[in-house]
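Engineer: Let me begin by handing over the structure; questions about it come next.
The values are calculated or read from the model by the stated rules, or taken from the named source; none is laboratory data. Quick caveat, the model's predicted, so the values are computed rather than measured. As a convention, Cβ positions derive from the backbone with ideal geometry for all residues, glycine included, and neighbour counts pool all protein chains shown. Surface areas here come from the heavy atoms of the whole protein model, side chains and all, with no ligands, DNA or RNA. Shrake-Rupley method; radii C 1.70, N 1.55, O 1.52, S 1.80 Å.
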Amino acid sequence: MGFVELLLVGVGLSMDAFAVSVCKGLCMKRLNMRQALVIALFFGGFQALMPLIGWALGTQFEQFITPVDHWVAFGLLLIIGAKMLWDSFHGDDDEQLSCAVDGRLDLRELTMMAVATSIDALAVGITFAFLRVDIVASVVVIGVTTFALSLVGVAVGHRFGARYEKPATVVGGVVLILIGLKILLEHLGILTF
């Protein structure tokens, strides 16, 4: 597998992380580069770690992992998206919806999102074991690509979130649920792209 193919795999895998990063950017009244870097590091790190884990597991556990990976991703994204929707309709209008009141990142939520958006990368890592791909190069390309796109996603989310906080939070929750549903439907063979 060549560099261009690896880059395309990295971009494809990072699209969910990009969308979630946009949602995180919606929470920022002012663009906080430190938080944007932490978000990008979480998504890039997990997106790089999962293929490595998948590759290490290889064929031994493929039959156990592949049947449930889409359910785990769907469940986590559904919970996070539903929480955003709940907060937007039941929260105080004066506080920023589904965002930390003190402006801090919720690292537990961020970890859940990073895991949920990188579950597909685990399956890709298992595939890499079969293809005898250079795992170090693959992990670096996937991680760096996801890091960069997540950083851009936070900036994009911030740009639009400052003006449309409540509607943007509703859209963000719906987007997360739809991403989870897309993952589920693709793995069930209902959607094919």
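Engineer: What tally of residues in the stretch 16-33 results from selecting those that are in contact (Cβ under 8 Å) with a residue 40 or more places away in the chain and in a helix (DSSP H, G or I)?
Structural biologist: The number of residues fulfilling the criteria is 11.
Engineer: If we scan the stretch 34-52, do we find a residue that is in the same structural domain as residue 158 (by the TED database) and not in a helix (DSSP H, G or I)?
Structural biologist: no
Engineer: Given (1) crowded, with 19+ Cβ neighbours inside 10 Å; (2) under 13 Å from the mean Cα position of the chain (by Cα); (3) modelled with pLDDT under 85, where does residue 15 come up short, assuming only one miss?
Structural biologist: For residue 15, the exception is condition (1).
Engineer: Here's something else I'd like to know. Taking the stretch 100-122, which residues are more than 11 Å from residue 53 (Cβ to Cβ) and of a type in the set (Gly, Ala, Ser)?
Structural biologist: Result: 100, 103, 114, 116.
Engineer: I would also like to ask the following. Of (1) open to solvent by 70 Å² or more (accessible area, probe 1.4 Å); (2) closer than 25 Å to residue 186 by Cβ; (3) of a type outside the set (S, T, N, Q), residue 3 satisfies all except one. Which?
Structural biologist: Among (1) open to solvent by 70 Å² or more (accessible area, probe 1.4 Å); (2) closer than 25 Å to residue 186 by Cβ; (3) of a type outside the set (S, T, N, Q), the lone unmet condition for residue 3 is (2).
Engineer: Report the residue count in the stretch 28-46 for those that are farther than 14 Å from residue 107 by Cα and either β-branched (Val, Ile, Thr) or open to solvent by less than 30 Å² (accessible area, probe 1.4 Å) (or both).
Structural biologist: Number satisfying all stated conditions: 2.
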